[in-house]
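Let me begin by presenting the structure, written as structure tokens, before commenting on it.
The values are calculated or read from the model by the stated rules, or taken from the named source; none is laboratory data. Keep in mind that this is a model prediction, so the values were computed, not measured. All Cβ positions, glycine included, derive from the backbone under ideal geometry; neighbour counts span all protein chains shown. Accessible surface is based on the protein model in full, side chains and every heavy atom, while ligands, DNA and RNA are left aside. Shrake-Rupley method; radii C 1.70, N 1.55, O 1.52, S 1.80 Å.
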Amino acid sequence: MNNTALAHVVSQSEHDVSRDNISKNALKVLDRLNEAGFESYLVGGGVRDLLLGRRPKDFDVSTNASPEEVKEIFKNCRIIGRRFRLAHVVFGRDIIEVATFRAAHSEGEGGVTGDTGRIVRDNVYGGTVADDAARRDFTVNALYYNIADATVLDFYHGIEDLRNGELKFIGDAEARVVEDPVRALRAARFAAKLDFTVAADVAAAIDQYHFKLADIPSARMFDEVLKLLQSGHGVASLDWLRKLDLLQYLFPAADSRLKQGDEKAEHMLLLALQNTDNRISNDLAVTPAFIYAVFLWLDIAELADKIESSGHPPVQALHMAADEIVPAQLKRTSLPRRYSVPMREIWTLQPRFKRTQGKRAKLLIGNPRFRAGYDFLCLRAQIGEVAQSLCDTWEKLQQTPEAQAAIAASRQRSRPVRRTRGKPKRKPQA
Ligand code: ATP
Ligand code: MG
């Protein structure tokens, strides 16, 4: 059976995707797979975003070549993933993700569904592009651009849904959420990023089965946190996470504050996410350490206050509060040490900002985490936790040439922090 016959074939004159808008590296991958006799398509966000006239974040390729066959064609290729094996073709910092068409299968070798109905492995190759389309999440994510003839294959009315700005699952909505509950988070993310509505059956399925997100490994949840809150649409993502009642699986403490109408929490989260969104649109660096520091802060501060009033010094109280609160959070959404250490430092620097004169103040400016701590202080000033004048004073203090030199020196010193723990100093990290 020729499965592509099932697709609506959109010819070049009817769509706006063209080679000119696709990255050189993605084109290279597509061309070389075709030359080697394989089928290959651009798929996913790349096609979707081009059809919407947006600049894609990355380009994903889908092919009938197995990951091993892809590796034979590209020297710069590594195979990743267990649950879902993929080939990554690496061009310096640019990575083209190449997924192999999976065959439709029931239980069996390479494909495993857990007792809960969740797909735990999906590695049966030998499928067609139609099979591949059937296992993608949303109709707008299952559009395939073929560079060989410049057509777009549309199996599930994805183009119509793009036009209507609606997120619809392919197939039965409930089944799609049960198979992979992370799709609920993806719905929130795409609704936010694309400014789409969520189809009623998608919202209903999410409502019924979001509890299954509690079983997703914390490392995968961390990846989703980054995509939701650190991709330039953090404010809108938080909004959708709340609408779909999914925030509880990411930041339970913040979620219950928002549900209780805690205005300070609301204000702080919105300011921080707005700031993150602005930084991303200006190509400035952002870090999960800051986001996590914000989402946990009110609980940390509250507990630290209690501990302090029982006689502990402020910094120690913050450490003790963190020891109690952070592990529970990391069970939900993990946070690599390279972020969790600076997150705690952002908190423990706060009491030190009270002193604006003398040697200690100077030392603080030279702290590698000074800038993040200062930004956090200003955020606290905006929600009325500390005086704005304190933030202004520190703004002035860091402008002196002496302070600038200290900040530059601390940047130099802080570099080796990224070294893997336990490695000898003289051995630079690759
Ligand atoms: P972005 O612009 O954020 O990269 P994207 O749609 O490309 O958005 P990716 O996470 O890069 O999202 O995934 C690429 C494609 O792989 C998706 O468009 C979708 O077709 C498919 N996909 C990814 N994750 C899933 C999933 N959990 N279930 C089904 N299909 C998925
Ligand atoms: Mg993508």
1/(1 + (r/R0)^6) with r = Cβ-Cβ of residue 149 and residue 204, R0 = 41 Å, i.e. FRET efficiency to nearest 0.05, evaluates to 0.55
Of all DSSP beta bridges in the chain, antiparallel share, percent nearest 5
80 percent
Evaluate the charge dipole of the chain about its Cα centre and quote only its size in Debye, nearest 20, assuming +1 on the Cβ of each Lys and Arg and -1 on the Cβ of each Asp and Glu.
3060 debye
Tally Lys/Arg at +1 and Asp/Glu at -1 over every other residue whose Cβ is under 12 Å from the Cβ of residue 317; what's the total?
-4
Among 278, 400, 293, which residue has its Cα positioned farthest towards the positive end of the charge dipole of the chain, with +1 placed on the Cβ of Lys and Arg, -1 on the Cβ of Asp and Glu, and the dipole taken about the Cα centre?
400
For residue 123, which sequence-distant residues (separation of 5 or more, or a different chain) have an amide H within less than 5 Å of its own amide H, given hydrogens modelled in the peptide plane?
111, 112
For segment 8-164, rounded, prolate or oblate, judged on the Cα gyration tensor with a ≥ b ≥ c (square roots of eigenvalues), a/c < 1.5 rounded, else prolate if a/b > b/c?
oblate
I want the local charge near residue 181. Using Cβ-Cβ distances under 9 Å, sum +1 for each Lys or Arg and -1 for each Asp or Glu among the other residues.
0
Counting only protein heavy atoms and a 1.4 Å probe, tell me what percentage of the chain's accessible area is made up of carbon and sulfur.
49 percent
Cα-Cα over 23 Å: which of 168/212; 331/354; 227/354; 24/193?
331/354; 227/354; 24/193
Could you point to the residue in 91, 377, 164 farthest towards the positive end of the chain's charge dipole, with +1 and -1 charges on the Cβ of Lys/Arg and Asp/Glu respectively?
377
The alpha-carbon pair-distance distribution computed for segment 179-251, with 5 angstrom bins and whole-percent values, is 3, 18, 33, 27, 16, 4
Would you calculate the convex hull of the Cα atoms in segment 333-390 and tell me its volume per residue in Å³?
82 Å³
For segment 329-336, Karplus couplings with θ = phi - 60° (6.51, -1.76, 1.60), whole Hz, Gly/Pro x:
5, 5, 5, 7, 10, 5, 8, x
Looking at the chain, I'd like the Rg to Rh ratio, where Rg is from alpha-carbon atoms and Rh is Kirkwood's inverse mean 1/r.
1.02
Suppose only helical runs count, i.e. DSSP H with n ≥ 4. What mean residue ellipticity at 222 nm does that imply for the chain under -39500 (n - 2.57) per run, divided by all residues and rounded to the nearest 500 deg cm²/dmol?
-15500 deg cm²/dmol
Take peptides 202-208, 51-57 and line them up by average Cβ neighbours within 10 Å, highest first, as a rough protection proxy.
202-208, 51-57
Less than 12 Å apart at the alpha-carbon level, and either on another chain or at least 8 residues along: which aspartates and glutamates does that give for residue 362?
402
What is the packing order of peptides 299-306, 346-353, 179-186, taking the mean over residues of other C-beta atoms within 10 Å and listing the highest first?
179-186, 346-353, 299-306
Mean-square fluctuation check for the chain, GNM, Cα pairs under 10 Å: which of 283, 201, 215 is largest?
283
Please list 3J(HN,Hα) in residue order for segment 391-398, calculated via the Karplus relation 6.51 cos²θ - 1.76 cosθ + 1.60 where θ = phi - 60°; whole Hz, with x for glycine and proline.
5, 5, 4, 5, 4, 5, 4, 7
Let me check against my output: what whole-number percent is the relative contact order of the chain, with C-alpha pairs under 8 Å and at least 6 apart?
10 percent
Given the C-alpha atoms of segment 287-413, compute the convex hull and give its volume per residue in Å³.
108 Å³
